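The values are calculated or read from the model by the stated rules, or taken from the named source; none is laboratory data. The structure presented is a predicted model; accordingly, all values stated were derived computationally and were not measured. All Cβ positions, even for glycine, are placed from backbone atoms using ideal geometry, and neighbour counts span all protein chains on display.
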Amino acid sequence: MTKTVAVVGAGLMGSGIAQVAAQAGWRVIVRDVDLPALARSRDMIEASFARFVAKGRLTERDAQDALGRISGTTDLAAAGTADIVVEAVFEDLAVKRAVFTTLDAICRPDAVLATNTSAIPITQIAAVTQRPESVVGTHFFSPVPMMALCELVRGYKTSDATLARAREFAEGVGKTCIVVNRDVAGFVTTRLIAALALEAARLVETGVASAEDVDTACRLGFGHAMGPLATLDLTGVDIMVDAARNIYADTQDEKFYPPELLARMVVAGDLGRKTGQGFYSYG
C-alpha cells in the first residue's frame with residue numbers, strides 16, 4: 001500500500017520535499033494558502049524534473065509517474081490522512097505553532113509530525129500539541145533534489161519510534177541523515193554556517209576585506225566548495241538573519257546577533273540570488 005506524505009507549505013523547500021518524496025514512490029499532498037502558490041510549486045517541480053530528464057538522471061516516464069503522485073490543495077484538513085506530515089512554512093515560531101495546533105487536531109494518532117525548521121527548537125513547536133512525542137525536526141537543505149543531507153532533530157519529548165520513522169522517510173527519499181540529540185537552537189549545521197557567515201559579513205562591514213576575498217579565503221584556504229557570503233546569497237540573506245535571530249533569542253550568545261550590514265540588506269531588498277542582488281549581482 002502506497003504511503004502518503006503531506007507537505008504543508010509549497011515554497012522552494014516544500015516543492016523540493018514533495019518532488020523527492022514523489023520520485024521515491026510516496027503519494028504526496030501539497031498544501032498551501034492559495035491556488036497561485038500551488039501553481040508556482042507545480043511549475044517548480046515540473047521544471048526540476050525536466051532538468052533531471054535532460055541530464056539523463058530520470059526517464060520521462062518516471063518523471064510523469066512521479067508528477068502523477070502529487071496533488072495540491074488549499075485545505076489543511078487534507079493532511080489528516082497522511083502517514084507523515086512535513087511542515088515547510090515560513091521560519092516564524094508563531095506561524096509554525098498555528099500550523100501544528102491544527103495538525104494536532106486533524107491528523108491520525110499514528111502520524112509523524114515533522115517540521116523543516118532550520119533553527120527553531122523543536123520543543124517550542126511541539127509544545128502546542130497533545131503529542132510532543134510524535135513531533136520531530138527534519139531539516140532538509142535547498143535545493144532539496146540536489147542536497148544529500150537531512151538533519152533529524154529530537155525535541156525534548158520526541159520518541160525513538162518517531163525518530164526512526166523520520167529517518168526511514170528521509171533515507172527513503174535519498175538523504176543521508178545526521179541526528180541532533182539535544183534540541184539546541186540552530187542544531188548543528190545552522191549554528192556552524194551562521195557563526196562563519198555572520199563573522200564573514202562583519203569582516204566586510206568593517207572594511208577588513210571584500211566579499212570576494214573573504215569567499216576566496218574560505219574556498220582556497222579551507223577547501224569550501226562555496227564561500228560563506230556566496231552561500232548567504234544562495235540561501236537568502238533574510239533567511240540567515242531570521243535563523244540567526246532565532247538562535248540569539250534562545251542562547252543570548254552575541255556571536256549569533258546579525259550585524260547591521262545584513263539587517264540593512266534585508267530592508268533594502270538585497271536578499272541574494274532570488275532578488276538579483278546580495279553580496280554579488282546576478283543579472
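For first residues located in segment 135-157 and in the same structural domain as Val89 (by TED's automatic domain parsing), partners that are part of a loop (DSSP other than H, G, I, E, B) and among the aromatic types (Phe, Trp, Tyr) and lie 6+ apart or on another chain with Cβ distances below 8 Å form the pairs Gly137/Phe187; His139/Phe187; Met147/Phe141; Leu149/Phe141; Cys150/Phe141; Glu151/Phe187; Val153/Phe187.
The set of residues in segment 90-120 that are modelled with pLDDT under 95, surrounded by fewer than 24 Cβ atoms within 10 Å (Cβ to Cβ) and not in a helix (DSSP H, G or I) comprises Phe90, Glu91, Asp92.
Kindly establish whether Val267 is part of a helix (DSSP H, G or I) and loosely packed, with under 14 Cβ neighbours inside 10 Å. Answer is yes for this residue.
Would you confirm whether any residue within segment 249-259 is without any contact (Cβ under 8 Å) to a residue 12 or more places away in the chain, more than 30 Å from Thr162 (Cα to Cα) and over 24 Å from the mean Cα position of the chain (by Cα)? Yes, that holds for at least one residue.
None of Asp233, Asp183, Asp215 is touching a strand residue (DSSP E or B) at 6+ places or on another chain (Cβ under 7 Å), of a type in the set (Asp, Glu) and either over 20 Å from Val144 (Cβ atoms) or not in a helix (DSSP H, G or I) (or both) except Asp183.
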